[in-house]
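Here the structure comes first, spelled out in structure tokens, and everything after it is commentary.
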Amino acid sequence: MRRSSQILIFLSLFIALSDGIFVYINYRSAKEALTFSLENRGTEYTQAFQLTLMEIEKTMSLMATYIANDPRVRELFHQGVEAVNSEGGAKGGAEAAKRRAELFALVQPSWQQVTQQYKVRQLHFHMGPGSQSFLRVHKPNRFGDNMDQCRYTVVNVNQNLLPVTGFETGRIISGIRGVVPMFFEDPVTKERIHTGALEAGTSFSTLLPELSRTMQGGLAVVLTAEHVSQNIWPEMMARAFQDTTEREGFYLEASSGPAKDQLLELGLMRSLFQTPGTRLVELDGVPYALTGFHLDDFHSASQPGHPPAGMVLVWVQASTEVAAFDQAVWTNIFYAMLGFCIVEILLFLAVHFITRHLENTIRTRTRQLHAAQDKLVDNARQVGMASVATDVLHNVGNVLNSVNIGAGQLRENVRTSQVDNVQKVAALMHDHRHSLDEYLTQDPKGAKVPRYLDHLAVRLGEEKTENLASIGQLQDHIEHISRVINSQQDRCRGGSLREEVNLRSLLEKALEINESCIENYDIEVVVKAENLPAIQLDKHRALQVLVNLIRNAAQALSHPDLHARQMEVSANLNPNGEVTLSVQDTGIGIESANLDQIFTHGYTTKENGHGFGLHGAANSAGEMGGTLQAFSEGKGSGARFVLTIPLEEQRISHGV
């Protein structure tokens, strides 16, 4: 009885230790899932705010454009500016006052209509070249003041003669503005004369309530004390802000939603300003996801290294996520009682199921891909565009090889999994169940069992990580295949989807897709893309071109007579606003007679080539607005292909 109790205690302690490790691991996983979920929600709210802000800025710009395009408005404003200049500047004299009154009478009815319909709060005519006030339609009795040091949007428009939008803090109040240049065409000389600028604006108080209802939470815009002191007159503080109390170096510009006061007293604003993101907080016993992100005004956005003007705070109830987290923890504690070995067996079954599901998905996607390819070829024949279908087939074929290799590696990992050894250990312990204590403590083989279980647990965790990484690579390749098809559809529409791209990651992804042929030919690869910022680029179209170029370079390096098999893949940003992606090899080279026609459809120098790859790559480069060029000093001297893509000028929308 005593011996049985000792065995029971030993086994109980062993199972408790295993269960404790299992519960802890799952607790950490649930905690990470909760954090990830809240951060994703925070990202969604950030994007929703920024998109709404852009829409309001666009509306302000459209309102200003609508009024500025009235010929009579342009004429009266021009006459008023000339009168001010002839009467000594500033407010001008009697003639300027007359033109100002006529302009107000003309614009005021339209102003009232757009104010009611679009919540526009400000309409302001400014004279150039800086920002001299001619007429505030919303306050017609105030005019003539110079605002060069606070109306940076207006100064910019009067200098560059192009519309701008953005958030800006004036001497009295902050506004979301759209500013457009105004021109007058001389009826005699037909000369187009720049008269000044027209500003339409509103405030954050019109933006936040609707967003608050949509998000079912609260929002607040706070400005730094430094930004406020630089822009707003001290005597106007009470008018400028809902609450003139400074908290952690911030002033409340506008807010909407519940529990605002409790939120501002949490003491998290400085922390969120230094490290934007999402925090889980509690207000009146209710969990909230609090997200903070920077808010730039127009002036600071144009000054590199200038601190943000303030910050936007979004708080939304997170009761559902927290309850799900608590339930997950207790559920894991319950299932931990089933034992560590059973969990690992279930994990094996889960991995096996996922692998089978992935293989089925690959087969389904492959069938769908072939069907799409067949349909594309048929459509191409009907409209005389067979090159479109061959281009898609060529690029998809480049990726399918990597998909097949990845699937085979995953299948081999599952086949050689260590999970079978769990069953062997369980059977061994079952055979010695009547003398398990003696077996585990005195038998040389039995004494190794606990250490072997520890080793087995580590190895199974490594297998899980490796399989998940392989699955992730397969998903990336499948996504790229999907994007190849989608980009071909965009090509038919003339469209191009740009997204933020890390150039080094782009080069490494193209090399990964061609990994098998690079390893087969024992090619030394050098990647040069250091200290480059992320850029806006048609990622998958550029990836198509790189995959083709790297595969061609690898084939050029496969010749048995070559002594050095080297490939250099590089990326650079040119001062003239272009990005260049280059693939250079030490392969068999290109004869000069072939350089002029190497991108022609159907032309190839390969024994088994079809002449589709480089032709399609050149077409893709053209669709991105760029060029693809080939350089070689002749046979045996290697070759270099350079893809050049112009970068679109980034439009300043709001913030600086």
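With Cα atoms as the point set, the radius of gyration and Dmax of the stretch 1-154 evaluate to 33.9, 115 Å.
Computed from the Cβ-Cβ distance with R0 of 56 Å, the FRET efficiency linking residue 261 to residue 469 stands at 0.70. Taking 7 Å steps out from each Cα toward its Cβ at residue 603 and residue 14 produces label points 7.4 nm apart. For the stretch 246-319, GluC sites (Glu not before Pro) are listed when DSSP marks them as loop and at most 12 other Cβ atoms sit within 10 Å of their Cβ; the list is 265. Taking R0 as 22 Å, what FRET efficiency do you get between residue 47 and residue 286 from their Cβ-Cβ distance, rounded to the nearest 0.05? Efficiency for this residue pair is about 0.35.
Å³ per residue of the Cα convex hull, for the stretch 35-103? It would help to have the intermediate numbers written out before the result.
On the way: hull volume 7.1 nm³, N = 69.
Per-residue hull volume (Cα only) is 103 Å³.
Note on the stretch 202-291: Cα-Cα pairs beyond 23 Å make up 25% of the total pair count.
Each peptide in 539-549, 182-192 receives the mean, over its residues, of other Cβ atoms within 10 Å, and ordering these scores from highest gives 539-549, 182-192. Considering only 273, 287, 259, the residue lying farthest towards the positive end of the dipole of the stretch 249-291 is 273, judged by Cα position with unit charges set on Cβ.
Fewest to most neighbouring Cβ within 10 Å: what's the order for 233, 111? Intermediate results must be reported in sequence, preceding the final value.
Working: 233 12, 111 19.
By the 10 Å Cβ count, ascending: 233, 111.
A Cβ-based charge dipole, computed about the Cα centre of the stretch 10-103 with Lys and Arg at +1 and Asp and Glu at -1, lands at about 140 debye. Simple spin-label estimate for residue 338 and residue 631 gives 6.2 nm between the two label positions (7 Å along the Cα-to-Cβ direction from each Cα). With the highest mean first, a sort of the peptides 20-26, 501-507, 39-45 on other beta-carbon atoms found within 10 angstrom per residue produces 501-507, 39-45, 20-26.
Quick one: length gained pulling residue 58 to residue 427 fully straight, 0.36 nm per residue minus the C-alpha distance?
Numbers: separation 369, 0.36 × 369 = 132.84 nm, distance 7.12 nm.
Full extension of this stretch gives 125.7 nm more.
Listed by chain and number, the lysines placed with their C-alpha closer than 28 angstrom to that of residue 448 are 424, 464; residues fewer than eight positions away on the same chain are left out.
Efficiency by 1/(1 + (r/R0)^6): what FRET value for residue 454 and residue 572, r their Cβ-Cβ distance, R0 = 51 Å, to the nearest 0.05? Plugging the Cβ-Cβ distance into 1/(1 + (r/R0)^6) gives 0.50. Length gained on full extension, residue 36 to residue 404, computed as 0.36 nm times the residue gap minus the Cα-Cα distance: 129.3 nm.
Could the peptides 132-142, 73-83 be put in order, highest first, of the mean number of other beta-carbon atoms found within 10 Å of their residues? Present the calculation step by step, with values, prior to reporting the outcome.
Values: 132-142: 17.5, 73-83: 21.4.
Top to bottom by mean Cβ count within 10 Å: 73-83, 132-142.
Read-outs: derived from the displayed coordinates by stated rules, not from any lab. Owing to the predicted nature of the structure, the values given are computational and were not obtained by experimental measurement. Every residue, glycine among them, receives a Cβ derived from its backbone with ideal geometry; neighbour counts consider all protein chains shown.
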